[in-house]
Amino acid sequence: MSSDWSINFGADSSSSKEAVNIAEKKVNDALDTVEQAKLANANNPELLAELNKVQLNLTDDTEALQDEAATIESGTSEPEKLTKAEVTSGLKQAITEVDRDFLEIDGLPEGFTNWLDKEVARAQDNIARVSDDPNRFKKAFLGSLPSTLLILVPLFALMLWVIYLFKRRLYMEHLIVALHSHAFICFVLLLVTLLGDLQDWLTNNSLIDTLCNWTLVALILWIPIYLLLMQKRIYQQGWIITLMKYWALGILYPVLLIFGATLTALYTLAEL
């Protein structure tokens, strides 16, 4: 509800140049019509004066269109919005690179590899639908995230169990820590989203905007601080050991999260 993924596509440079040329031709045709009208009404001073004004305006329009055509030709115009063709091509290239560099791992079971290949092919076919309606992909992607977290939480608990193997804690204890960590992060992200919506709603109130900005910064900073303090309090190890394990988790878990998000996005594209 708090985001809109619609894309306002622009036109590519070739279509822009063609549009300028068509407009210039129409202006030139209008100039010819005005010139003929002046010849046909040479004895009407009032009409000639009006026609001269129209001719002057059309001449200015012609010069402006010629400048625009020169700007497009030289490539010095302002950056244009992405075209639908560029978005589609970029998505296809991204999926191909993900499939080649991220998903083609040696040693995977043949059945799993075949399934991935089919999902990649279906995702490629659905890219045009995403370009037409990005919000449809957003809804499907956000709808599938809970399933991804359902898998990531026990995996994160397994990482905790390995790192704290000599603490002789039960796996269920690590799972409770993982659930608490994810619930805390999701709750803070909810507050951040609500504050962002409040800022958009009260755009003319500078005091509330400033308070929201400082609160957003505090909430974002509180996430890593809170997780560190929680880890230190629960596992009761020294600060040096805690910091080393904290940084290890901070490196390993984002990799796992990126992998899970990539698979989720691919699966969402394939199942649209």
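The values are calculated or read from the model by the stated rules, or taken from the named source; none is laboratory data. Just so you know, these numbers come straight off a predicted model, no measurement behind them. Every residue, glycine among them, receives a Cβ derived from its backbone with ideal geometry; neighbour counts consider all protein chains shown. Areas reflect the complete protein model, heavy atoms only, side chains present, ligands, DNA and RNA absent. Shrake-Rupley method; radii C 1.70, N 1.55, O 1.52, S 1.80 Å.
Key figures
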| item | result |
| --- | --- |
| Per-residue HN-Hα couplings for region 139-147 [Karplus 6.51, -1.76, 1.60; θ = phi - 60°; Hz; x = Gly/Pro] | 5, 5, 5, 5, x, 8, 4, x, 5 |
| Residue pairs, from the table LYS118/LYS139; LYS118/LYS138; LYS138/LYS245, whose Cα atoms sit over 30 Å apart | LYS138/LYS245 |
| Diffusion constant of region 143-220 at 4 °C, which comes from Stokes-Einstein with the Kirkwood Cα-pair radius and 1.567 mPa s, µm²/s | 87 µm²/s |
| Global geometry of region 109-173, whether rounded, prolate or oblate, following the gyration tensor of its Cα atoms and the 1.5 cut on a/c | oblate |
| Solvent-accessible surface ranking, highest first, for TRP247, TRP161, TRP239 at 1.4 angstrom | TRP247, TRP239, TRP161 |
| Karplus-derived 3J(HN,Hα), 6.51/-1.76/1.60, for each residue of region 252-262, Hz, glycine and proline x | 6, 5, x, 4, 5, 5, 5, 4, x, 5, 5 |
| Calculated from backbone phi, Karplus (6.51, -1.76, 1.60) coupling profile of region 167-181 in Hz, x at Gly/Pro | 7, 6, 8, 6, 4, 4, 5, 5, 5, 5, 4, 5, 4, 5, 4 |
| Cleavage-rule hits (trypsin sites (Lys or Arg not before Pro)) in region 148-253: DSSP loop, at most 10 neighbouring Cβ within 10 angstrom | ARG168 |
| Sum of side-chain charges, ILE163 neighbourhood, beta-carbon under 11 Å (Lys, Arg +1; Asp, Glu -1) | +3 |
| Percentage relative contact order, region 149-225, counting C-alpha pairs under 8 Å, at least six apart | 24 percent |
| Residue-level accessible surface for ASP117, protein heavy atoms, 1.4 Å, Å² | 70 Å² |
| Accessible surface of region 123-272, 1.4 Å probe, proportion on carbon and sulfur as whole % | 74 percent |
| Total formal charge among the other residues, if their Cβ is under 14 angstrom from that of ILE225, Lys/Arg +1 and Asp/Glu -1 | +2 |
